[in-house]
Amino acid sequence: MKIRVPATSANLGPGFDSCGIALSKYLVIEVLKESSEWEIIHELGKEVPTDRSNLLLRVALKLAPSMKPHQIRMTSDIPLARGLGSSSSVIVAGIELANRLGNMNLSAAQKLEIATAIEGHPDNVGPAIYGDFAVTAYDHQSKHTYLVKHHFPECDIIAYIPDHELLTETSRHVLPKELSFQQAVEASAIANVMIAALINGNLPLAGQLMQQDRFHESYREKMVPHLSTIRQICEEEGGYGCFLSGAGPTVLAIVPEDHSERILRLLRALEPEASIELLQIEREGVQVF
Ligand code: HSE
């Protein structure tokens, strides 16, 4: 059995902790033979545990403690701590592992509730479970998570992935504790119109509003100085818009398909250490083969 979970990008600018898209990079978990103890075989670096302390098994064993131990092969091209949902992909894979090996028969909505409780916000785990474009809300009072999936308009997506990590915790630490009523009303109105424009397939307007975030990007800008340069290139070259992917440091540019080659070339010339990738929207969420 193989479990495949897509990378994700959260926020899309003003849709802070709410909007997310699934992307064409993947975590794949392959369940191999039964074994006397759990073992994860991977080449993801020394900091990723190979035993029960791996997040995948911590999530899975909490949900289904009596699963028989197996060898697991874990492969992933989702870079760690770059704002592309690497930890969400592992959480969603862990839930699916428990679902299958523990015969839990979970619905997508149940997986979403569990994943949101672990992650704290649904904007990465939502599209990781459902695919495509997910608009979500977590109600802290009722502990309920709402999600609406919608088709994201056809376009190319360019990811500018710096070669350094930025932990979500560090990136959330710089955010204000409060916004005024007026600021909150304006910030959420911008997000509302951005979402409506996406639903209408109006990428020029959606892209413009993705750049008008008032919730987080200005506070994070010091940690992601490349954002404004990429935005300028994108604007000059006919891109729809750029935003910080999740908590950063990756920046995504939403661009018309016939503009992507030139924008890719210009971004590649910016910083030789960064990885510049052409991605697509992944229409499917977690898959089991
Ligand atoms: N919405 C989250 C943030 C995504 O921007 O902090 C990263 O977990």
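Among the residues of segment 58-116, those that are touching a Gly at 6+ places or on another chain (Cβ under 8 Å), without any contact (Cβ under 8 Å) to a residue 60 or more places away in the chain and either of a type in the set (Asp, Glu) or surrounded by fewer than 23 Cβ atoms within 10 Å (Cβ to Cβ) (or both) comprise 58, 59, 63, 64, 66, 67. From the list 152, 181, the lone residue that is within 15 Å of the chain's Cα centre (by Cα) and of a type in the set (Phe, Trp, Tyr) is 152. Regarding segment 190-203, can at least one residue be identified that is touching an Asp or Glu at 6+ places or on another chain (Cβ under 6 Å), more than 16 Å from the ligand (Cβ to nearest atom) and part of a helix (DSSP H, G or I)? No, segment 190-203 contains no residue that is touching an Asp or Glu at 6+ places or on another chain (Cβ under 6 Å), more than 16 Å from the ligand (Cβ to nearest atom) and part of a helix (DSSP H, G or I).
Tallying residues that are touching a His at 6+ places or on another chain (Cβ under 9 Å), among the aliphatic types (A, V, I, L, M) and either more than 16 Å from residue 79 (Cβ to Cβ) or not in a loop (DSSP other than H, G, I, E, B) (or both) within segment 232-280 yields 3.
Quick check: anything in segment 1-16 away from the ligand (no atom under 16 Å from the Cβ) and part of a loop (DSSP other than H, G, I, E, B)? The answer is yes, given that some residue of segment 1-16 is away from the ligand (no atom under 16 Å from the Cβ) and part of a loop (DSSP other than H, G, I, E, B). Please verify whether residue 168 is polar (S, T, N, Q), at negative phi, within 16 Å of the ligand (Cβ to nearest atom) and outside the structural domain of residue 130 (by TED's automatic domain parsing), treating the condition exactly as stated. So residue 168 passes the test.
Residues that are surrounded by 15 or more Cβ atoms within 10 Å (Cβ to Cβ) and either within 12 Å of the ligand (Cβ to nearest atom) or part of a helix (DSSP H, G or I) (or both) within segment 171-185 comprise 171, 172, listed in sequence order.
Residues in segment 114-161 that are within 16 Å of the ligand (Cβ to nearest atom), closer than 21 Å to residue 254 by Cβ and not hydroxyl-bearing (Ser, Thr, Tyr): 123, 124, 126, 127, 128, 133, 134, 135, 159, 161.
One residue is enough: does segment 271-289 have a residue meeting the conditions without any contact (Cβ under 8 Å) to a residue 24 or more places away in the chain, more than 16 Å from the ligand (Cβ to nearest atom) and under 21 Å from the mean Cα position of the chain (by Cα)? Taking every residue of segment 271-289 in turn, none turns out to be without any contact (Cβ under 8 Å) to a residue 24 or more places away in the chain, more than 16 Å from the ligand (Cβ to nearest atom) and under 21 Å from the mean Cα position of the chain (by Cα).
Does segment 77-85 contain any residue that is more than 30 Å from residue 253 (Cβ to Cβ) and away from the ligand (no atom under 16 Å from the Cβ)? No, that holds for no residue. Sub-6 Å Cβ pairs linking a first residue in segment 183-195 that is more than 15 Å from residue 133 (Cβ to Cβ) and of a type outside the set (Phe, Trp, Tyr) to a second residue that is assigned to a helix (DSSP H, G or I) and modelled with pLDDT of 95 or more, at least 6 apart or interchain, are 190/209; 193/209, ordered by first then second residue. Quickly run through segment 204-217 and pick out the residues that are in contact (Cβ under 8 Å) with a residue 60 or more places away in the chain, assigned to a helix (DSSP H, G or I) and not aliphatic (A, V, I, L, M). If the condition is that a residue be in contact (Cβ under 8 Å) with a residue 60 or more places away in the chain, assigned to a helix (DSSP H, G or I) and not aliphatic (A, V, I, L, M), then 217 is the only one that fits.
The values are calculated or read from the model by the stated rules, or taken from the named source; none is laboratory data. Keep in mind that what you see is a predicted model, and the values were worked out from it rather than measured. Because the Cβ atoms are built from the backbone with ideal geometry, glycine has one as well, and the counts that use them run over all protein chains shown.
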